[in-house]
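Beneath this line is the structure, given in C-alpha cells, with notes to follow.
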C-alpha cells in the first residue's frame, strides 16, 4: 500500500506532490463512504485522537471531529480556553498530560506559528496542524485543491487568484504551497498593506487590480479580513475595501468567462463577497465544507496507518 512520506501533517511545505495525490485518492474513497446510508467505517477503532484547540474554531473542529467519528476513532476534545493553560501550564505539560491517557494522534490549533513543529519534536504522538497562527493551515489547502480538482478535473495548469488579507492568512500560505506543488499558476490580489513583503519569493505574482485578476483566473479564492489579527488599520474603511476588493454578482456577470468562486469561511457576507455570489452556481463553498470531512478522514487514516506499523 502507498504511504505518506511524513509522520505528521505540520504544513504543506513538508509534503511531496505524491503525498497530495495519495491524500486525494484516499479522500475519493471516503467521499463515497460519507454519501452512503451508513456513514462509518471501522478503520480506526483502536486509535485515540485528541483535538486540542488553543484558539476558537467551530468549523475546523467540527469537521475534524466528524472525520474522526466516521473512522470510528475514540475522540477527546480539549478546549484550552477552559483549561489549566489559563493557569500557566506549558504546551508540553498540557499535551503530555493528554498523551498519558494513551492518545495516538493530536489535532492542534495554536496561535503561535511553529507550535505543531515544536510539539512534534517533543512528543511521540502523530501531530496534525489545524492552524498555527498566521503560518499554515494544511488541511484547508488540501480540501481547497481537492475541490478545484473535483470541479475542473485537475489543478495543474489552472490559474488561481487568492484575494484579500494575504498577510495574516495561514490559508493563503498553505494554498500557495499546495497549488504550486501541483503545477497551478498563482496570483495574489489585495491592498498592498495586506500583502507580505516577500510574497514574490514564493513564486506567485501580485495583482492589485481585482478586475484584472478575475479576468485572468479560472478560480478565485476569497479570503475574509481577519479583524481579530489586525492590530492596526491596514485600509481606511471596510466600505472602501469592499468597493475595491469585494466581489458582487454584477462584477462576476461582467467577466467574459465563468470563474469558480471559493471561500475558506467563515464568510463576511457583503464585505469580500455578496450573498448572491456566495449562493450562486459558480460558488463551490458548500462543496469545500463537504470535502473537508473527506480530506480530514484521508489524512487521519493515512497517518494512523503509520502509527500501526
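Remarks
- Seen against the Cα atoms of the chain and their longest principal axis, helix 17-34 is set at about 80 degrees.
- With neighbours defined as other Cβ atoms within 10 Å of a residue's Cβ, the residues 263, 168 order from fewest to most as 168, 263.
- Springs between Cα atoms under 10 Å define the GNM used for the chain, and in it the highest mean-square fluctuation of 213, 184, 200 occurs at 200.
- Added length on full extension, which subtracts the Cα-Cα distance from 0.36 nm per residue, residue 305 to residue 152: 52.0 nm
- Debye intensity ratio I(q)/I(0), log10, the chain, q values 0.08, 0.10, 0.11, 0.16 Å⁻¹ (C-alpha model): -0.35, -0.55, -0.67, -1.33
- For region 88-127 versus region 132-204, the spacing of their alpha-carbon centroids is 27 Å.
- Our estimate of slack between residue 159 and residue 58, defined as 0.36 nm per intervening residue step minus the Cα-Cα distance, is 33.3 nm.
- For 276, 144, order by how many other beta-carbon atoms lie within 10 Å, fewest first: 276, 144
- Euclidean distance of C-alpha centroids, region 1-20 and region 233-309, integer Å: 24
- Highest-MSF residue in the chain out of 297, 101, 262 [GNM, Cα springs under 10 Å]: 101
- Among 158, 192, 249, a tally of other beta-carbon atoms within 10 Å of each Cβ gives an order, fewest to most, of 192, 249, 158.
- Residue-averaged [θ]222 nm for the chain, counting only DSSP H segments that reach four residues, each worth -39500 (n - 2.57): -12000 deg cm²/dmol
- Structural descriptor for region 8-72: relative contact order 36 percent, calculated from alpha carbon pairs under 8 angstrom and at least 6 residues apart.
- Using C-alpha pairs below 8 Å separated by at least 6 residues, the relative contact order for the chain is 20 percent.
- Relative to the dominant Cα principal axis of the chain, helix 170-181 is inclined by about 90°.
- In the chain, the longest principal axis of the Cα atoms and the axis of helix 285-307 are about 30 degrees apart.
- Extension gain for the segment residue 13 to residue 239, taken as residue separation times 0.36 nm less the Cα-Cα distance, is 77.8 nm to one decimal.
Since every read-out is calculated from the coordinates, none of them should be taken as a lab result. All values derive from a computational prediction rather than experimental measurement. Note that we place each Cβ from the backbone using ideal geometry, even for glycine, and neighbour counts take in every protein chain shown.
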